[in-house]
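Right, one structure below, let's go through it.
The values are calculated or read from the model by the stated rules, or taken from the named source; none is laboratory data. On a predicted model such as this, the values are computed, not experimentally measured, just so you know. Here the Cβ positions follow ideal geometry from the backbone for every residue, glycine too, while neighbour counts run over all protein chains shown.
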Amino acid sequence: MAKLSTRPLYSYRGGPAVPTFDDRGPIAIMDGECALCAGGARAIVRFDRERVFRIGRTQSALGAALVRHYGLEPKDPETWLYLEDGRAWSGMEAIIRIGARLGGPGRLLGVMRLLPRPAREWLYRRIAYNRYLFGRTDMCTLPDAGLRARLIE
């Protein structure tokens, strides 16, 4: 999926089910029990030189409300949401945009744009539905203090 909606910018602010939160800076919402997603979260923290990214879990009340606001389901393996400047993206497009925003090695994810969108999303779905092959973890209990400091709940 590319941009998730034609909704006005920051439409979640008026969503009755979305709790009020500090939405400054880019936000990535992902599965907080997936080891692959936790690795992605650690990579975001590591390569975010500006220290502006924040990370949420689909298992949290805020994360679940945000993904539902955009028509996604928190328990759906494909749910990965990226918010920046009031806009939302999901799937491989979200990951590519996160990489571009991070810069440095993250820009390498832009190579995925060489694939047609259906092929990119097919690849993303294959990885998403098999993500637990990489293991399970609880993102909130990881010993990475930098990551814990970026979690929004």
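Identify, from the list ALA17, ALA41, ALA61, the residue that is surrounded by fewer than 19 Cβ atoms within 10 Å (Cβ to Cβ), touching a residue at least 40 places away in the same chain (Cβ under 8 Å) and within 23 Å of ARG136 (Cβ to Cβ).
Numbers: ALA17 fails: within 23 Å of ARG136 (Cβ to Cβ); ALA41 fails: surrounded by fewer than 19 Cβ atoms within 10 Å (Cβ to Cβ).
The unique qualifying residue is ALA61.
Per-residue answers, yes or no, for (1) under 15 Å from MET30 (Cβ atoms); (2) modelled with pLDDT of 95 or more; (3) part of a helix (DSSP H, G or I); (4) out of contact with any Pro (no Cβ under 9 Å at 6 or more places or on another chain):
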position: ALA64; (1), (2), (3), (4): yes, yes, yes, no
position: LYS75; (1), (2), (3), (4): yes, no, no, yes
position: TYR82; (1), (2), (3), (4): yes, yes, no, no
position: ILE95; (1), (2), (3), (4): yes, no, yes, yes
position: ARG120; (1), (2), (3), (4): no, no, yes, yes
position: LEU133; (1), (2), (3), (4): no, no, yes, yes
position: CYS140; (1), (2), (3), (4): yes, no, yes, yes
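Which one of GLY39, GLY71, GLY56 is in contact with a Gly (Cβ under 8 Å, 6 or more places away or on another chain) and closer than 19 Å to ALA128 by Cα? Reasoning before the result, please.
Working: GLY39 fails: in contact with a Gly (Cβ under 8 Å, 6 or more places away or on another chain); GLY71 fails: in contact with a Gly (Cβ under 8 Å, 6 or more places away or on another chain).
Sole residue among the options that is in contact with a Gly (Cβ under 8 Å, 6 or more places away or on another chain) and closer than 19 Å to ALA128 by Cα: GLY56.
What number goes with the only condition from (1) in contact with a Pro (Cβ under 9 Å, 6 or more places away or on another chain); (2) without any contact (Cβ under 8 Å) to a residue 40 or more places away in the chain that ARG107 does not pass?
All conditions pass for ARG107, except number (1).
Limited to region 84-93, what total is found for residues that are surrounded by fewer than 21 Cβ atoms within 10 Å (Cβ to Cβ) and part of a strand (DSSP E or B)?
The total comes to 2.
Take the residues in region 50-62 that are part of a loop (DSSP other than H, G, I, E, B) and among the hydrophobic types (A, V, I, L, M, F, W, C), then tell me which one is nearest to the chain's Cα centre (by Cα).
Among those residues, the one meeting the criterion is PHE53.
Taking only region 45-55 into account, find how many residues are modelled with pLDDT of 95 or more and over 13 Å from ILE98 (Cβ atoms).
0
Within region 30-44, how many residues are in contact with a Phe, Trp or Tyr (Cβ under 7 Å, 6 or more places away or on another chain) and at pLDDT 90 or above? So that I can check it myself, show each step before the final result.
Of the residues in region 30-44, the ones in contact with a Phe, Trp or Tyr (Cβ under 7 Å, 6 or more places away or on another chain) are 30, 34-36, 44.
Imposing the further condition that a residue be at pLDDT 90 or above reduces the set to 30, 44.
Selection size over region 30-44: 2.
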